[in-house]
Amino acid sequence: AQSVTQPDIHITVSEGASLELRCNYSYGATPYLFWYVQSPGQGLQLLLKYFSGDTLVQGIKGFEAEFKRSQSSFNLRKPSVHWSDAAEYFCAVGAEWGGADGLTFGKGTHLIIQP
Amino acid sequence: GAVVSQHPSRVICKSGTSVKIECRSLDFQATTMFWYRQFPKQSLMLMATSNEGSKATYEQGVEKDKFLINHASLTLSTLTVTSAHPEDSSFYICSAPPLAGTDTQYFGPGTRLTVL
């Protein structure tokens, strides 16, 4: 069975500063990896995904993530955060293409933006 | 694009009553739907997979008799929380798996259940 660890429960970043959210996964085969964002009381929005190919993937809202198989990591980055980026961020892994068999989510990282 | 809706968006009920949550695929057919539960300020956990025309598949530890899932048609899946108690209060989210030629799930907006 797969699992996802997001070691940081909360992260506080100043507006305009760079951001990195950590994600480690455990899965024996090729993982299908996702980052989602959830604003308070809202549903999930897909930021980006990695299935294969170039290990640096670009997503929406200026986010990117890098897949490192040797470290079983899929960290999310943004060079300069905006106040509107304050939200909950979830890393997820699926065993099948597109998460067709359902997704396993990490516990999430709550991002706080300081003015 | 493919849209999944949920109804209601919020529901408050008394302890001991049953609550039904609907998940609809608005512009496509879904033979499978996933139901997730999100405790306050926590992660999403896959509860079960509903299958049109057959029984739902529940994840380990999920009470089948407590969370009744019915996939009545190719556009509707329902989750009924039976004899709800305060500990059932959660955010329930459904999703449809990727359509042919696509590679992401389609999540509904979620239903906030509060049991008093």
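The values are calculated or read from the model by the stated rules, or taken from the named source; none is laboratory data. What you see is a predicted model, and the numbers here were worked out from it, not measured in a lab. Neighbour counts are summed over all protein chains in view; Cβ atoms, including those assigned to glycine, are modelled from backbone coordinates with ideal geometry. Areas reflect the complete protein model, heavy atoms only, side chains present, ligands, DNA and RNA absent. Shrake-Rupley method; radii C 1.70, N 1.55, O 1.52, S 1.80 Å.
Table for the structure above
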{"quantity": "Portion, in percent, of the accessible area of region B:1-92 that falls on carbon or sulfur, probe 1.4 Å", "calculated": "50 percent"}
{"quantity": "Leading residue at positive end of dipole, region A:21-81 (Cβ point charges), from A:G59, A:Q38, A:Y27", "calculated": "A:Q38"}
{"quantity": "Listed residues B:H71, B:G61, B:L113: farthest to the positive end of the dipole of region B:22-116 (Cβ charges)", "calculated": "B:L113"}
{"quantity": "Proximal lysines relative to B:K64, as straight alpha-carbon distance under 29 Å, when same-chain residues fewer than 8 apart are discounted", "calculated": "A:K107, B:K14, B:K20, B:K41, B:K55"}
{"quantity": "Formal net charge of residues neighbouring B:V62 (Cβ-Cβ distance under 15 Å; K, R +1; D, E -1)", "calculated": "-1"}
{"quantity": "Built amide H within the under 5 Å cut-off of A:G108, gap 5+", "calculated": "A:Q6, A:C91"}
{"quantity": "Chain A, accessible surface, carbon-and-sulfur percent (1.4 angstrom probe)", "calculated": "49 percent"}
{"quantity": "Interface A:B - total buried accessible surface [probe 1.4 Å, Å², rounded to 100]", "calculated": "1400 Å²"}
{"quantity": "Threshold 20 Å², region B:22-70 residues less accessible with all protein chains present than alone (1.4 Å probe)", "calculated": "B:F34, B:Y36, B:Q38, B:S43, B:L44, B:L46"}
{"quantity": "Threshold 30 Å² - residues in region B:92-107 whose accessible area is reduced by that much or more when the chain is no longer isolated, probe 1.4 Å", "calculated": "B:P98, B:D103, B:T104, B:Q105, B:F107"}
{"quantity": "Rg/Rh ratio calculated on Cα atoms of the protein assembly as shown (Kirkwood radius)", "calculated": "0.97"}
{"quantity": "Cα Rg, Dmax, region A:64-105, angstrom units", "calculated": "12.9, 35"}
{"quantity": "Along principal axes, Cα extents of chain B, largest first, whole Å", "calculated": "43, 27, 22"}
{"quantity": "Residue-count net charge about A:I60 - beta-carbon cut-off 14 Å; Lys, Arg +1, Asp, Glu -1", "calculated": "+2"}
{"quantity": "Residue-count net charge about A:P7 - beta-carbon cut-off 10 Å; Lys, Arg +1, Asp, Glu -1", "calculated": "+1"}
{"quantity": "Volume per residue that the Cα convex hull of chain A spans, once the total is divided by residue count, Å³", "calculated": "96 Å³"}
{"quantity": "For the protein assembly as shown, accessible area per residue (1.4 Å probe, heavy atoms of protein chains only), Å²", "calculated": "48 Å²"}
